[in-house]
Amino acid sequence: MTTLTPVLSKNWNEADSFTLTGYKRAGGYVGLEKALKQTPDEVIALVKESGLRGRGGAGFPTGNKWSFIPQGDSKAHYLVVNADESEPGTCKDMPLLLANPHSLIEGIIIGSYAIRANHAFIYLRGEVVHVFRRVQQAITDAYAAGLLGKNILGSGFDLELTLHAGAGAYICGEETALLDSLEGFRGQPRLRPPFPAIAGLYAMPTVVNNVESIASVPSILAQGVPWFQAMGTEKSKGFTLYSLSGHVTNPGQFEAPLGITLREILALAGGIRPGHQLKFWTPGGSSTPIFTAEHLDVPLDYEGVSAAGSMLGTKALQIFDETTCVVRAALRWSEFYKHESCGKCTPCREGTWWLVQMLKDLEAGKGSEADLEKLLDLCDNIAGRSFCALADGAVAPIISTLKYFRAEYIEHQIQRGCPFDPVAATLFPTGTVDKINKIAEVGEAAEMVGA
Amino acid sequence: MSDHQQFSAEELATMDTIVARYPKSRSAIMPLLHFVQSIDGYVTPRGLETIASKLGLETAEVTAVSTFYTQYKNEPVGEYHVGICINTLCAVMGGDAIYEATTEHLGIGNHETTNDGKVSLERIECNAACDYAPVVMVNWEFFDNQSPQSVTQLVDDLREGKPVRPTRGPNSLRTWKQNSAVLAGLPDGLAHEGVQAGAPTLLGLNIAANPQTSPEAN
């Protein structure tokens, strides 16, 4: 049995965990002091050696990304934190920032020092006002404590940190779209090369890192590479946040070494909700192909999930039991990608629209088996044919649900409609929803409390 | 509302401080749009024109940005903007039922506002709180673990002016305009209010601290 390893979450049960005092009491800003005693190159080398990889989806080694920034080029460098967390199912960075914003700020100071950036940005999704408040207060307190601004802790290193609210666009989680958005444009992805390390924000060398990746850095500085490498698997080192949601007894966050399995996490969470069985799940958000009960023992690290035909992604473990219609799930995710397609690339803009039309018909039992081939053909003309990975993400739920549940698609055609009762999949007892509507009409809704 | 009047000198000065945060002024478009919403409630023509003039852009360039992002509204929303998550996981677990019950209860549809101007509705995508599903946001504050009953009650309370407290947020819910100001980067001093974390956020930590509390051990 894998042991949980709370690092980022270790002080979250303290009521003041989000304050500078609370963070320092838990050992905060010790990593920064150690970093500032080393040269920037030494810090990059240390993060490289640790094996820390991006926690936002792609899994690129963080230290390598930092090392791509040209040095001695007399240009401004920027560190930009991607806090646009919007991938369906993903819910790790927002609770992290609500409970512990200083871990991110400490990581930003270390990362900026390493890549010689004197201005960093946090691009935070706009739909989380209280998270914005917490991060902004943490930045203000860090300035007041001499942790940001001029001559940080007497090191001679200067850093400005700007918090920037997004405004509701999933695509801005894509790093080049994020940069366009931060520059004040519509958030549309850029053609690469040039990569952000060469021409990023304002066409200057830029590192874009996920919140959790950056927030993980201070602990590596404070506790050392061997400590970090003792957790995880051969090529997936360290700890990470797994977010369990859906039809489980107890949903929530689990900070564990990379390589833990869903079976282990489910055991800790009390399993699937009583009386039900696991049907399908995502290992890392809706853009990662679904898994089924046969994948319960897949090690949830970059290589393990990849070898089993999906991606670790954001480690958003969305769990669906046997009451869930897989066609409905695929349709709803497709509606999301259609809504969020930025419109720049034709295959994605037009293709996601057609995916929704086809899936609506299939869910309503109007399709034929030949339509399933047409659907796959459509997917084949979307994935890999656009600037960014949104298009690839859009087809993942469709191709993977067809792979494991083709019979269920066909069953919709046989029955000329969806064979599932959507109420059975809700958390409210069967029949409650209709009753609630009726009771609400006559103003007696209060009697249904506890449904 | 003073849509045809110029912004006040104080408001214009605030806009200048927002512009000054960035190495290049155009980056200030998004916080300036949030700021316009904090005064006018939505992105008004005068807001677009003023931003364009501040940044040396055409109004059409600012409009092009504004219309790309769903949080910027081109018409007034309610004092309390209720977003019901209908992305797959929340929808399956009850978000669809919540939306149906709420729209029927209020008699308004997606992107519509009640006649009293108090409550508007929006079907929203994943809001990064899936371990608290089904999730509802009001003025972009978390209302976790909702049901059709709790949300119909919530919107009634909002319309009647009763105090409402987000699950993980400030002690009392602020208005759409007030929260828009926060997103423009103008602090309201409420960061210390509310819990640091809800129970699902702490689940793994508590199991790690007390392995005997793990359901498996029972």
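What to note about this one:
- Where helices (runs of 4 or more DSSP H) fall entirely within segment A:350-443, those with at least 3 residues that are modelled with pLDDT of 95 or more and surrounded by 18 or more Cβ atoms within 10 Å (Cβ to Cβ) are at A:369-380, A:390-415.
- Taken over segment A:265-286, residues that are surrounded by fewer than 22 Cβ atoms within 10 Å (Cβ to Cβ) and either outside any strand (DSSP E or B) or under 15 Å from the mean Cα position of the chain (by Cα) (or both) amount to 8.
- Checked against (1) within 17 Å of A:His339 (Cα to Cα); (2) touching a Leu at 6+ places or on another chain (Cβ under 7 Å), B:Gly83 passes all but condition (2).
- Matching entry among A:Val7, A:Val80 (being within 30 Å of A:Ala144 (Cα to Cα), surrounded by 24 or more Cβ atoms within 10 Å (Cβ to Cβ) and within 25 Å of the chain's Cα centre (by Cα)): A:Val80
- Qualifying residue in segment B:182-194 (condition: closer than 28 Å to A:Ile122 by Cα, surrounded by 19 or more Cβ atoms within 10 Å (Cβ to Cβ) and not hydrophobic (A, V, I, L, M, F, W, C)): yes
- Criterion (part of a strand (DSSP E or B), surrounded by 22 or more Cβ atoms within 10 Å (Cβ to Cβ) and either away from chain B (no Cβ under 14 Å) or modelled with pLDDT of 95 or more (or both)) met by exactly one of A:Val207, A:Val217: A:Val207
- The set of residues from segment A:181-200 being more than 10 Å from every other protein chain (Cβ to nearest Cβ), surrounded by fewer than 20 Cβ atoms within 10 Å (Cβ to Cβ) and under 27 Å from B:Ala52 (Cα atoms) comprises A:Arg190, A:Ala199.
- Residue tally, condition in contact (Cβ under 8 Å) with a residue 24 or more places away in the chain and more than 10 Å from chain B (Cβ to nearest Cβ), over segment A:140-161: 11
- The residue that is nearest to A:Ala267 (Cα to Cα), counting only those in segment A:287-307 that are assigned to a loop (DSSP other than H, G, I, E, B) and of a type in the set (Ser, Thr, Tyr), is A:Thr288.
- In this structure, B:Thr102 does not qualify as more than 10 Å from chain A (Cβ to nearest Cβ), in contact with a Ser or Thr (Cβ under 9 Å, 6 or more places away or on another chain) and within 30 Å of A:Lys338 (Cβ to Cβ).
- Tally of residues being outside any helix (DSSP H, G or I) and without any contact (Cβ under 8 Å) to a residue 12 or more places away in the chain across segment B:81-132: 5
- Test result for A:His164, within 12 Å of chain B (Cβ to nearest Cβ) and more than 29 Å from B:Val135 (Cβ to Cβ): no
- Test: residue in segment B:14-27 that is of a type in the set (Val, Ile, Thr), outside any helix (DSSP H, G or I) and more than 19 Å from A:Leu124 (Cβ to Cβ): no
- The set of residues in segment A:308-339 being assigned to a helix (DSSP H, G or I) and at the interface with another protein chain (Cβ under 8 Å from one of its Cβ atoms) consists of A:Arg328, A:Ala329, A:Arg332, A:Trp333, A:Phe336, A:His339.
- For B:Thr167: the one exception among (1) closer than 14 Å to B:Phe143 by Cβ; (2) facing chain A (nearest Cβ under 8 Å): (2)
- Residue match in segment A:86-100 (condition: part of a loop (DSSP other than H, G, I, E, B), within 30 Å of A:Met204 (Cβ to Cβ), of a type in the set (Asp, Glu) and in contact with a strand residue (DSSP E or B) (Cβ under 9 Å, 6 or more places away or on another chain)): yes
- Number of the condition not met by B:Thr50 [criteria: (1) under 24 Å from the mean Cα position of the chain (by Cα); (2) surrounded by fewer than 19 Cβ atoms within 10 Å (Cβ to Cβ)]: (2)
- Per-region count, segment B:28-44, residues assigned to a helix (DSSP H, G or I) and farther than 19 Å from A:Tyr123 by Cα: 5
- Some residue of segment B:187-202 being touching an Asp or Glu at 6+ places or on another chain (Cβ under 6 Å) and hydrophobic (A, V, I, L, M, F, W, C): no
- Segment A:158-204, subset part of a helix (DSSP H, G or I) and of a type in the set (D, E, K, R), residue farthest from B:Ser27 (Cα to Cα): A:Glu175
- From B:Arg174, B:Arg168, residue being in contact with a Gly (Cβ under 8 Å, 6 or more places away or on another chain) and among the basic types (Lys, Arg): B:Arg168
- Any helices (runs of 4 or more DSSP H) falling wholly within segment A:15-62 and containing at least 1 residues that are away from chain B (no Cβ under 14 Å) and crowded, with 22+ Cβ neighbours inside 10 Å: A:30-36, A:40-50
- The residues of segment A:239-277 that are among the aromatic types (Phe, Trp, Tyr) and facing chain B (nearest Cβ under 10 Å), listed by number, are A:Tyr242, A:Phe254.
- When the test is whether a residue is touching a Pro at 6+ places or on another chain (Cβ under 6 Å), over 19 Å from A:Ala26 (Cβ atoms) and not assigned by TED's automatic domain parsing to the domain that holds A:Asp93, A:Gly246 does not pass it.
- Meets criteria (farther than 24 Å from B:Asp96 by Cβ and assigned to a helix (DSSP H, G or I)) for A:Cys342: no
The values are calculated or read from the model by the stated rules, or taken from the named source; none is laboratory data. No experiment lies behind these values; they were computed from the predicted model shown. Using ideal geometry, Cβ is built from the backbone for each residue, glycine included, and neighbour counts are taken over all protein chains shown.
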